[in-house]
Amino acid sequence: MPTLLQRFARLAPYLKTGRLGLTAAAAGSLIGAATEPMIPALMQPLLDRGFTGGALPLWLIPAAIIGLFAVRGLAGFVAQYGLAWAANRAVLQLRQAMFERLLAAEPSLYTRHTASSLTNTAVYEAQGGTMLLVSALLTLVKDSLTLLALLGYLLWLNWQLTMFVALLFPAVALVMRMLGRRLHKITVDSQKATDELAYVVEENALAWRIVRLHGAEPVQTQRFFVRADRLRQLMLKSVVAAATMTPITQILAACALSSVIVAALWQSGSGGGTVGGFVAFITAMLMLVAPIKHLSDVMAPITRGLAAVERGLDLIDACPLEQGGQHDGGRARGAIDVRAVTLRYRDEGAPAVAELSFQVGAGETVALVGPSGAGKSTLVNLLPRFIDPTEGELRLDGVALRDWNMKALRRQFAFVSQDVVLFNDSVAANVALGADIAPERIRDALRSAHLLDFVDSLPQGMATPIGHNGSQLSGGQRQRLAIARAICKDAPILILDEATSALDSESERAVQAALETLMRGRTTIVIAHRLSTIEHADRVLTFDAGRLVEQGTPAQLLAAGGLYARLHAMQFRT
């Protein structure tokens, strides 16, 4: 397990932009700590000279106290604000780095982590962990400096008695180290339990219709309760581990104080020291108790805060970026070559696709047909490198996909799926999707997708927000919006996965005509379950159990009487 210093060092790159705030925090803490010994230092002249008729002006001690606390208050404000300013800049940098890694990481990241886990890490853990660290670090710096200042004053007053106090620190450090390790383990377990709980909520929020339709509320409630109760137990363990530090530290401090009082009384009986000096020493020593207590309490929030922030750092460090090549040939012609491709999602079990070999010419329209689970969607995911084959190779325009620059490769594809993904933004933003596209071109795409009349009827036209994943649109409208997005991208390769499945008959005919116009001059790959939509395809590839079993024109495959003919007969008979 890395040391506390090594764990803090991982945060250093994100704190660079907050150097000014850290400097202000350090200066404020230093000034505040320097004023601490002045309080017991005032006791000695007050007792030795003030109450014995010495020449001490009446106004001097009150003025000194007021000025002292004014300086301490200002220094405390500067320290707290400076550290908070630096920490919030650090969390901004960390969140930005995490989000950029989410967008650029290997796609396998999304198979290893749930959406709720990634959201929790990037949003809540980063913020909550940083706020804990801000408060804890402020206490750590301020009370450590206060402790050093008071110890320096005690050494100056009486170095022999100070030795008794010094014996306290190794014991406190040992206790904090032991309990800190246990607290770190509990915190990591709590994070996992929180992810599991959030995932149950996420699943039920997305599947609320199915849950209610099947009366599954009691089962889901029990799932939630089991995970929530596990988290409750871990939280209690965390409180026990954190709360144990305070009584142990106070007992050790009481032992040290008792020893000092005995030694001081013995010194006084031997004729050494004054009453003012003794009171000043005891006052300074009693003032040590508060920073020692604070430092023992600070281990818990530091451990929790570091564990939370480290989840983000681990996400950045442990998720490799997608690796692409250097080739960027501009706009591709669209010739695809699949050579002996096999893909296994797991080491054991049957492959998702096996020994696929075929070619698609530039501008050709090819339909992929077959029963569910035959490997059609897997093949489509291989083309833009959302997954890589276990064996074999895919080429685009004669260049292996692994040699293409990743961004250049994905510029060549437009994709319309039956599972439409939209953003909680305006209609225009969802069509353009980050590209700088003229409004007229967006309108043309909406018109081609048979959606412009509807968009013009909206309160803000193309600037109208459409809600979470297009929740304010019907299923057909969502799919037509995705088609408009593909039209607007104008990529040389078009992938259609049941692109008209959510449309009514009238809209389907209009959109199908728009798609046929869009498909001209482009390489088009169509995943089709309704075989009536692919009658004009140049070629049909029929898949079964991950293998290519036949290919040819629709007429040729019907005449051959194979799997395509059986599927065709089944649909049209139905």
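The values are calculated or read from the model by the stated rules, or taken from the named source; none is laboratory data. Just so it is clear, the structure is predicted and the values come from calculations on it, not from any experiment. In this analysis, Cβ positions are derived from the backbone assuming ideal geometry, glycine residues included, and neighbour counts consider all displayed protein chains.
The table that follows gives values for the structure above.
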read-out	value
Pairs with Cβ under 8 Å, 6+ apart, first in region 461-490 and under 19 Å from residue 414 (Cα atoms), second of a type in the set (Phe, Trp, Tyr) and part of a helix (DSSP H, G or I)	477/454
Residue match in region 523-544 (condition: touching a helix residue (DSSP H, G or I) at 6+ places or on another chain (Cβ under 7 Å) and more than 30 Å from residue 487 (Cα to Cα))	yes
Positions within region 519-543 being surrounded by fewer than 21 Cβ atoms within 10 Å (Cβ to Cβ), under 20 Å from residue 333 (Cβ atoms) and not acidic (Asp, Glu), in sequence order	519, 520, 521, 522, 539
Unique match (being under 34 Å from the mean Cα position of the chain (by Cα) and either surrounded by 17 or more Cβ atoms within 10 Å (Cβ to Cβ) or farther than 30 Å from residue 128 by Cα (or both)) among 388, 397, 314	388
Tally of residues being surrounded by fewer than 15 Cβ atoms within 10 Å (Cβ to Cβ) and at pLDDT 90 or above across region 403-438	2
Residue match in region 198-221 (condition: outside any loop (DSSP other than H, G, I, E, B), closer than 21 Å to residue 310 by Cβ and touching a residue at least 12 places away in the same chain (Cβ under 8 Å))	yes
Some residue of region 501-521 being in contact with an Asp or Glu (Cβ under 8 Å, 6 or more places away or on another chain) and not in a helix (DSSP H, G or I)	no
Only listed residue being over 30 Å from residue 258 (Cα atoms) and in contact (Cβ under 8 Å) with a residue 60 or more places away in the chain, chosen from 130, 111	130
Selection count, region 317-338, where residues are aliphatic (A, V, I, L, M) and either crowded, with 16+ Cβ neighbours inside 10 Å or in contact with a His (Cβ under 7 Å, 6 or more places away or on another chain) (or both)	4
Region 393-414, residues that are touching a Pro at 6+ places or on another chain (Cβ under 7 Å) and not in a strand (DSSP E or B)	409, 410, 412
The one condition in (1) of a type in the set (D, E, K, R); (2) closer than 20 Å to residue 110 by Cβ; (3) over 27 Å from the mean Cα position of the chain (by Cα) that residue 410 fails to fulfil	(3)
Single unsatisfied condition, residue 436 versus (1) touching a Leu at 6+ places or on another chain (Cβ under 9 Å); (2) among the acidic types (Asp, Glu); (3) closer than 16 Å to residue 488 by Cα	(1)
Test: residue in region 444-458 that is outside any helix (DSSP H, G or I) and over 24 Å from residue 522 (Cα atoms)	yes
Residue pairs meeting the criteria (Cβ under 6 Å; at least 6 apart or on separate chains; first assigned by TED's automatic domain parsing to the domain that holds residue 564 and over 12 Å from residue 562 (Cβ atoms), in region 525-550; second outside any strand (DSSP E or B) and of a type in the set (Val, Ile, Thr))	526/534; 528/534
Per-region count, region 330-368, residues in a loop (DSSP other than H, G, I, E, B), touching a strand residue (DSSP E or B) at 6+ places or on another chain (Cβ under 8 Å) and farther than 26 Å from residue 515 by Cβ	2
Among the candidates 426, 372, residue that is polar (S, T, N, Q) and farther than 20 Å from residue 546 by Cβ	426
Condition check for residue 451: without any contact (Cβ under 8 Å) to a residue 40 or more places away in the chain and either assigned by TED's automatic domain parsing to the domain that holds residue 358 or among the polar types (S, T, N, Q) (or both)	yes
Residue in region 35-56 that is modelled with pLDDT of 75 or more, under 22 Å from residue 157 (Cα atoms) and assigned to a helix (DSSP H, G or I) present	yes
